Amino acid sequence: MTPHHRLRTVLVTGGCGFIGSHLIRHLLGSDPQVVVVNLDALTYAGIQERLAEVASAHASRYRFRHGDVCDDQLVERIFQEHGPDTVIHLAAESHVDRAISGPDRFMRTNVLGTMTLLKAAHSAWQGRTDVRFHQVSTDEVFGSLPSTGLFTESSPYRPSNPYSATKAAADHLVQAWHHTYGLPVTISYGTNTYGPQQCPEKLIPLAITRALAGQPIPLYGDGQHIRDWMYVDDHVRGIEAIVRTAETGGRFLVGSHQELTNRDLLERLCRVLDQQRPRHSGAKYRDLIVSAADRPGHDRRYASDTSHLRATLGWRAEVGIDEGLLRTVRWHVEQTGTEGDAVLK
Ligand code: NAD
């Protein structure tokens, strides 16, 4: 694995979000040369406390800038004041249900925000080659798969909901800036990611929070929708490997080849909860699972072939689903008291 890009000052957007906060913790904790500037608007999904320990442990190498990726003057100022050589762009509206009920914010942040950053990077970097713009995308841009087959990097874009459509549009802008202006870019397409500190509206943290509160755990439709579940540390290491070592223009699927139906996933999760925090009544958490109306246009199956990333950069997912669920449940259990005490935020 030949390093192509040395990280010095990294502008992370959306660093107070779920994946961004794990990424910043990893970068600052593993490389003493790296300085991180975190630009985050602190929407409902952005929580500064996720980084409280990191901010104090690495105070000289961490800067927080509160603001919007669509604010071109602020973004230009950040380039002038901090001189980042690397952008890792995660800031996004990321929840599919919110995109269905209110797509406008998704268009603004995910599309216009990405263009604002691309313009600022192009203008600040002036043709430099020792720089890197990394776009954190999602496997959802490729749409829904039938029961067999896997997405590859040559799969056509077929986004089918307002969230994935705006992420796809952003990816096209990133590729356009590469082809038109020579901006050194890379793109990762991550699969469904989970782990500690995720917003409780997403499937796994929602299920755990409800279970610990003794409340019904909703399962969409027939529960047969299939996703490839990746532990957040694996996703973060995948992003890092691409940013540091991929050739410019590289595009990579990042996933863990752990396909599960939503029903299988929730049942596994309930078994981990049964072990870690048995219910007072002796009942099983599985009994709390209830059917909920399906999401409109719900994609049936996502699954990614990660052989390009494994063969080119030597990355592979290391955390199996049972270990990942155990770590996630333990984190939630530490945050809550006994059954019935958990609070739904
Ligand atoms: P998240 O919703 O937890 O965090 C998003 C962050 O972006 C928040 O801190 C929020 O405050 C910030 N943000 C939102 N709008 C902003 C704006 N206009 N300006 C500045 N900051 C803004 O998201 P996540 O789950 O951590 O996902 C991060 C990225 O990874 C997203 O781009 C998402 O599309 C992508 N992704 C997520 C997953 C997943 O399963 N979570 C999988 C693949 C790819």
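Taking the criterion of being open to solvent by 40 Å² or more (accessible area, probe 1.4 Å), farther than 19 Å from ALA91 by Cβ and of a type in the set (Asp, Glu), would at least one residue in segment 187-202 satisfy it?
no
Being within 28 Å of SER304 (Cβ to Cβ), of a type in the set (Ser, Thr, Tyr) and either in a helix (DSSP H, G or I) or at pLDDT below 95 (or both) is the filter here, so list the residues in segment 244-287 that pass it.
THR245
Only one residue in LEU51, LEU39 is modelled with pLDDT of 95 or more, part of a strand (DSSP E or B) and either within 21 Å of the chain's Cα centre (by Cα) or among the aliphatic types (A, V, I, L, M) (or both). Which one?
Step by step, each of LEU51, LEU39 is checked, and only LEU39 is modelled with pLDDT of 95 or more, part of a strand (DSSP E or B) and either within 21 Å of the chain's Cα centre (by Cα) or among the aliphatic types (A, V, I, L, M) (or both).
Here is a check on your reading of the model: is GLU247 in contact with a Ser or Thr (Cβ under 9 Å, 6 or more places away or on another chain), open to solvent by 30 Å² or more (accessible area, probe 1.4 Å) and not β-branched (Val, Ile, Thr)?
The answer is yes for GLU247.
Exactly one of these conditions fails for ILE100: (1) of a type outside the set (S, T, N, Q); (2) within 21 Å of TYR181 (Cα to Cα); (3) at pLDDT below 95. Give me its number.
That leaves (2) as the condition not met.
Of these, ILE217, ILE226, ILE239, ILE208, which one is touching a His at 6+ places or on another chain (Cβ under 6 Å), open to solvent by less than 60 Å² (accessible area, probe 1.4 Å) and within 22 Å of PRO196 (Cα to Cα)?
One residue alone meets the criteria, ILE208.
Residues checked against (1) open to solvent by less than 20 Å² (accessible area, probe 1.4 Å); (2) modelled with pLDDT of 95 or more; (3) closer than 24 Å to VAL34 by Cβ; (4) not β-branched (Val, Ile, Thr):
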| residue | (1), (2), (3), (4) |
| --- | --- |
| VAL131 | yes, yes, yes, no |
| GLN135 | yes, yes, yes, yes |
| ASP139 | yes, yes, no, yes |
| GLY143 | yes, yes, no, yes |
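Which ones in segment 52-69 are near the ligand (Cβ under 10 Å from one of its atoms) and touching a helix residue (DSSP H, G or I) at 6+ places or on another chain (Cβ under 8 Å)?
Passing the criteria: ARG65, GLY67, ASP68, VAL69.
Restricting attention to segment 191-212, does a residue exist that is part of a strand (DSSP E or B), within 9 Å of the ligand (Cβ to nearest atom) and within 30 Å of ARG251 (Cβ to Cβ)?
Yes - at least one qualifying residue is present in segment 191-212.
Return yes or no: is GLN135 within 15 Å of the ligand (Cβ to nearest atom) and under 18 Å from GLY182 (Cβ atoms)?
yes
The values are calculated or read from the model by the stated rules, or taken from the named source; none is laboratory data. Since the structure is predicted, the reported quantities are computational estimates derived from the model, not experimental observations. Here the Cβ is made from the backbone with ideal geometry for all residues, glycine too, and neighbour counts use every protein chain on show. Accessible surface areas use protein heavy atoms only, side chains included; no ligands, DNA or RNA. Shrake-Rupley method; radii C 1.70, N 1.55, O 1.52, S 1.80 Å.
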